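Presented below is the structure to which this report refers.
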Amino acid sequence: MLRPKLLTLIKNRPEEFSSRRVLKDLSAGLVVACIALPLSIALAIASGVTPEKGLITAIVAGFIISLFGGSRVQIGGPTGAFVVIVYGIIQQYGLAGLLTATIMAGIFLIFMGVCKFGSFIKFIPYPVTTGFTSGIAVVLFSTQINDFLGLGLTDIPSGFFAKWGLYFHSLGQINWAALAVGLLTLAIILFWPKKWKAFPGSLAALLITAVLVGVTGMNVPTITSTFGAVDSTLVMPHLPGAVSWDTIQNLMRPALTIALLAGIESLLSAVVADGMIGKRHRSNMELVATGIANVASGLFGGLPATGAIARTAANIENGGRTPVAGMAHAVFLFLMMLCLMRWIGRIPMTSLAAILFLVSYRMSDWRSFKALFKAPLGDVLILLATFTLTVVFDLVIAIEFGLVLAAVLFMKRMADVYQITNTDDDIMDEVRRKDDIDTKVIAKHVSVYEINGPFFFGAATQFVETLEHHKNCKVLILRMRSVPAIDATGYHALERIYNRCKDDGVQLILSHVQKHVRKTLEQYGFIKLLGEDHLCRNIDHSLMRAESIVKDRHSIAE
């Protein structure tokens, strides 16, 4: 159903918007805004853009995702998963290329939602998502070493090993004051009292370290000293310059990657939220809302956006239960941007790096990563391949390779499950107990094979190899009661066996064909080719039909 959750609640559950409920949502929105403020700034800087870009994303996209989304409590905005992608796009195509790719990704997401792809995205294998998420966490961590240690490096290579090689060669340039402020930031966040959750530790750490650096005059780089004055204005929506067809073609892969990652993260966040509040989200509407949010974010000069799991959980924990909380969080962020931007520029860069260290740690989900080593070897290979390719190369290659490897593994597993066995001996035991079937005729002239498992292209070769060497007989019965599906390659293999039987003068009978498989065979015209009388409802009917065929041949021969 493509209807925003907010609209449904207003129409069907007006009691959800009582003054008491709205006040709780507004309170939750304020807390989430306090959490989102430092994160949005840190993620923007890590992505290679100015701080206000992160705030613009959280404000514009966050409001739209709550307004049009399919979840009650989803909080949208920039997330750590996009840092690597955004940084790479900016390095290759510039800011205009990033904005164009974000808008394109939004259009793709809207298309995916309208076409009801929401349920399909959920089928991406868990080792793939865990692998690239952990890989992104490692890459994000590595990008913050320069600011955390205060090395002052300006021309840092993009390659993972080259980057770390430069870090090790530059250890003599550590700014000990910056390192001390960074460690203080980590300590404040880690030991901040949990009962003070209305005022997050990350925000407290930024305020304390900014005041400390300002009062003491320590030689620690800040946002202003690094980027200059921070802009606090929200520009009117506009297209990111002239866009050519060549540019669109070049940005197709990055845009698709943004769309896929945004869809996965949004739906994953919505599923987690459902489990926390005992409700259900609308996956396709969530994709549409995320798409609209990304289009709007690109037009306003922001970054790619998606549902943020940590901020969504914080919203729920603080009493948010309707989309009002997410919309309020965006409004509060806008007010903070207008009123506090002149002081935001005084935040130390090492403090932002410390916050992103913790974001990386939470993203890595090392417990899930470790637990997957107990899985079958194929899943472990998918995990390690996706993780390694994300770290060493890029996310696009990692996702593509991970999905292909997972698909190949799935086909192998299905082919391993698939079986085709000769059941002549078992059938003869049944025939001997029946008075209406001629035992001698069945034993001498009829062969029965049973197929177990989906009849798809991974099993087609095995099927053909088995049946092309069947013993000399006059009737071949394929027992298909355990075949739930058949694809084009499976049908081609079946047609090949039919033609082989026809050339050898063997009659082919299909027994107990399931409804879905029969419909597919009818579409191909195979039922008409085979003949309705050669399609039997069960094995008894098939054996009687086989006996009739053999006796008719004998009578004709005589």
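The values are calculated or read from the model by the stated rules, or taken from the named source; none is laboratory data. No experiment lies behind these values; they were computed from the predicted model shown. Here the Cβ is made from the backbone with ideal geometry for all residues, glycine too, and neighbour counts use every protein chain on show.
Structural remarks
Quick grid of which residues meet (1) within 12 Å of Arg72 (Cα to Cα); (2) under 22 Å from the mean Cα position of the chain (by Cα); (3) crowded, with 24+ Cβ neighbours inside 10 Å:
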{"residue": "Asn284", "(1), (2), (3)": "no, yes, no"}
{"residue": "Leu287", "(1), (2), (3)": "no, yes, yes"}
{"residue": "Asn294", "(1), (2), (3)": "no, yes, yes"}
{"residue": "Leu299", "(1), (2), (3)": "no, no, no"}
{"residue": "Ala308", "(1), (2), (3)": "no, yes, yes"}
{"residue": "Asn315", "(1), (2), (3)": "yes, no, yes"}
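- Region 152-183, residues that are among the hydroxyl-bearing types (Ser, Thr, Tyr), farther than 19 Å from Phe357 by Cβ and within 33 Å of the chain's Cα centre (by Cα): Ser158
- Test result for Thr216, hydroxyl-bearing (Ser, Thr, Tyr) and surrounded by fewer than 16 Cβ atoms within 10 Å (Cβ to Cβ): yes
- Residue in region 372-382 that is of a type in the set (Phe, Trp, Tyr), under 27 Å from Lys412 (Cα atoms) and in contact with a helix residue (DSSP H, G or I) (Cβ under 8 Å, 6 or more places away or on another chain) present: yes
- Each residue in region 317-348 was checked for being surrounded by fewer than 19 Cβ atoms within 10 Å (Cβ to Cβ) and under 21 Å from Ser269 (Cα atoms), and 3 pass.
- Screening the candidates Leu109, Leu153 for the property of being surrounded by fewer than 22 Cβ atoms within 10 Å (Cβ to Cβ) and touching a helix residue (DSSP H, G or I) at 6+ places or on another chain (Cβ under 6 Å) yields one hit, Leu153.
- Unique residue being β-branched (Val, Ile, Thr), in contact (Cβ under 8 Å) with a residue 60 or more places away in the chain and not assigned by TED's automatic domain parsing to the domain that holds Phe63 when the list is Ile258, Ile277: Ile258
- Condition met for Asp533 (loosely packed, with under 12 Cβ neighbours inside 10 Å and in contact (Cβ under 8 Å) with a residue 12 or more places away in the chain): yes
- Condition met for Gly77 (crowded, with 22+ Cβ neighbours inside 10 Å and over 23 Å from Met349 (Cα atoms)): no
- Any hit, region 171-181, residues being modelled with pLDDT of 90 or more and under 23 Å from Met341 (Cα atoms): yes
- The condition (being β-branched (Val, Ile, Thr), assigned to a helix (DSSP H, G or I) and under 26 Å from Leu338 (Cβ atoms)) is satisfied by just one residue among Thr233, Thr226: Thr226.
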